[in-house]
């Protein structure tokens, strides 16, 4: 009997490393994506496609195919982290980030095309600054929308913080000793702290998350020490959760119809010359 148990133990010891080595992030996308779709009652026709470089989901609402960046997946190490990458892309679509970007770019191009050459450069520089701020806002909204989707599907939402802080950050963050993409990571953490405190209490066992907490804990302590700051924080987080719930309900009710895309098509129809 002892020899049999020893043999079984040896077989398990040999096969476990082999099984662990077969985990591939891209291969997990269909399974993880389907689980998120089903748990959140999103359209079952949605499919996922892993692509090299940056994901372009401009036409995701019309072809029901959501691109997932292989670059983003390279920062994942388990299904929870893959779930963040998938949920972030879904979150951006639900928040209608693509439609917003199309309208912004249209208005930016319309503005610069009517300026003199002397004013185009300064206007472009200023609009690029605004675009970067808007892109950050869009990403943060997609992050916390994705957080809701992850939780509903049973994934650990703290994985989003881990993936983000693994990604390249800015030189300024390095000089300040902050985690990479600290603003986005803190946005997720704040959202979870108020709306899903048990998820934060459960934690996430990895060095990247522990390093993030070293940065986040003093910020939370400073905020909690001020009654006015804490009250403001609570109101903001409650509002964010309400907005995410409304956006998700609207997406389901309209089948993904984008009000920003409607605005974009209207702007195009007004400015484009009629065919003679």
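Inclusion of residue 32 among residues that are surrounded by fewer than 19 Cβ atoms within 10 Å (Cβ to Cβ) and more than 18 Å from residue 250 (Cα to Cα) is not warranted. For the stretch 231-258, residues that are assigned to a helix (DSSP H, G or I), surrounded by fewer than 13 Cβ atoms within 10 Å (Cβ to Cβ) and over 20 Å from the mean Cα position of the chain (by Cα) total 6. Every condition in (1) touching a strand residue (DSSP E or B) at 6+ places or on another chain (Cβ under 8 Å); (2) buried (at least 17 other Cβ atoms within 10 Å of the Cβ) holds for residue 61 except the one numbered (1). Within the stretch 30-49, residues that are over 12 Å from residue 86 (Cα atoms) reach partners that are at pLDDT 95 or above and part of a loop (DSSP other than H, G, I, E, B) with beta carbons closer than 6 Å, at six or more positions or on different chains, in the pairs 39/153. Within the stretch 152-174, the only residue that satisfies the criterion of being touching a residue at least 60 places away in the same chain (Cβ under 8 Å) and more than 22 Å from residue 205 (Cβ to Cβ) is 152.
Taking (1) closer than 23 Å to residue 91 by Cβ; (2) modelled with pLDDT of 70 or more in turn, residue 261 satisfies each apart from (2).
Filtering the stretch 189-214 to residues that are assigned to a helix (DSSP H, G or I), under 15 Å from residue 80 (Cα atoms) and touching a helix residue (DSSP H, G or I) at 6+ places or on another chain (Cβ under 9 Å) leaves 199, 200, 208, 209.
Within the stretch 145-152, not a single residue is touching a helix residue (DSSP H, G or I) at 6+ places or on another chain (Cβ under 7 Å), over 22 Å from residue 36 (Cβ atoms) and in a helix (DSSP H, G or I). Restricted to the stretch 77-101, and to residues there that are buried (at least 21 other Cβ atoms within 10 Å of the Cβ) and assigned to a loop (DSSP other than H, G, I, E, B), the residue that is farthest from the chain's Cα centre (by Cα) is 96.
One line per residue, one yes/no per condition, for (1) free of Cβ contacts under 8 Å to residues at least 12 places away in the same chain; (2) farther than 26 Å from residue 242 by Cβ:
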{"position": "176", "(1), (2)": "yes, yes"}
{"position": "181", "(1), (2)": "no, no"}
{"position": "185", "(1), (2)": "no, no"}
{"position": "196", "(1), (2)": "no, no"}
{"position": "201", "(1), (2)": "yes, no"}
{"position": "213", "(1), (2)": "yes, yes"}
{"position": "218", "(1), (2)": "yes, yes"}
{"position": "225", "(1), (2)": "yes, yes"}
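Restricted to the stretch 16-42, and to residues there that are assigned to a loop (DSSP other than H, G, I, E, B) and farther than 18 Å from residue 151 by Cα, the residue that is modelled with the lowest pLDDT is 21.
The values are calculated or read from the model by the stated rules, or taken from the named source; none is laboratory data. From a predicted model like this one, the values you see are computed outputs, not experimental measurements. Ideal geometry is used to build each Cβ from the backbone, glycine not excepted, and the neighbour counts take in all protein chains shown.
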